[in-house]
1. For residue 62, which of the numbered conditions (1) in contact with a His (Cβ under 9 Å, 6 or more places away or on another chain); (2) modelled with pLDDT under 95; (3) charged (D, E, K, R) fails to hold?
2. Identify all residues within the range 162-181 that are more than 10 Å from the chain's Cα centre (by Cα), surrounded by 19 or more Cβ atoms within 10 Å (Cβ to Cβ), of a type outside the set (Ser, Thr, Tyr) and at pLDDT 85 or above; write none if there are none.
3. In the set 105, 91, which member is at pLDDT below 95 and open to solvent by 30 Å² or more (accessible area, probe 1.4 Å)?
4. How many of the residues in the range 12-36 are more than 26 Å from the chain's Cα centre (by Cα), of a type outside the set (D, E, K, R) and open to solvent by less than 70 Å² (accessible area, probe 1.4 Å)?
5. Condition test on residue 149, is it surrounded by 18 or more Cβ atoms within 10 Å (Cβ to Cβ) and under 18 Å from residue 262 (Cα atoms)?
Amino acid sequence: MWNYSEKVLELFHNPLNQGSFESSSDPTTALAVGEVGSIACGDALRLHLKIDVEADRILDARFQTFGCTSAIASSSALTELVKGLKLDEALLVTNAEIADFLGGLPEAKIHCSVMGQEALEAAIYNYRGITREDHHDDEGVLICQCFGISDSRIRRVIAENGLRTTEQVTQYIKAGGGCGSCLHTIDAIVSESNPAADAPPQAPLVVRLQQIDAVIEQDIRPYLKADGGDIQVCGLVGDELHVQLRGNCSTCSSSADTLRYAVEARLRERLESSIRVVQVP
């Protein structure tokens, strides 16, 4: 049983501003909608804003949410927080402010407040005609395939919330909470974002992974596929590359030699002599 605050329970049982707006012919107002999440992932939020066109101000806000107690309460709290704000002011609202409004959220439910913040951004960007391709969180390398989360978004939430562990990243945006194959990569991003004072400089994780993927695609994968096998990169932690052998390679008695002589040796030759390749389950 989650330890919810009285405010969370109040807004769950009696949510404020639930629903949507009917279209209007009033030229002084406009409607904006932002959607985040998906029912398949467990939480989804559609935020509706009524905007004073001339003042660039939010007149009213409503929500439609599919999700848990925290998702409903966070969405309701968000609509109360943004009423009366200019759009630029609303963009400064953080997930921490949503959680504070609620008297706090359980750590495992923090992602619900993040979902509210992102729905608000999406609604305002849609209103201003900014496409998702222009959003900085949509740039970069896809890290968590289960929830469609890029390295840019992971770095952003780490920086904005001072996160120090991979578990916290999962709590905030669910990255790594699906199949778990990206946890090693998230570990590395967290470490890179919080480097030790005496740590030597190193190329960004994403750059190293891109270089590794290029060598694997060009020099290694064709060799493995010729024998009915394949390889999947699971993450890079320091100089340790975590991989999974697939197909015939996964059951081959020579898989250890394949990793050492066909994979590790080639990566060392083409990229970094310190790389170690380790097979993970």
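The values are calculated or read from the model by the stated rules, or taken from the named source; none is laboratory data. Values in this document were obtained by computation on a predicted structure and should not be read as measured data. All Cβ positions, even for glycine, are placed from backbone atoms using ideal geometry, and neighbour counts span all protein chains on display. Remember, those area values only see protein heavy atoms, side chains included, never the ligands or the DNA or RNA. Shrake-Rupley method; radii C 1.70, N 1.55, O 1.52, S 1.80 Å.
1. (2)
2. 163
3. On the way: 105 fails: open to solvent by 30 Å² or more (accessible area, probe 1.4 Å).
Selected residue: 91, the only one of 105, 91 that is at pLDDT below 95 and open to solvent by 30 Å² or more (accessible area, probe 1.4 Å).
4. Count: 7.
5. The answer is no for residue 149.
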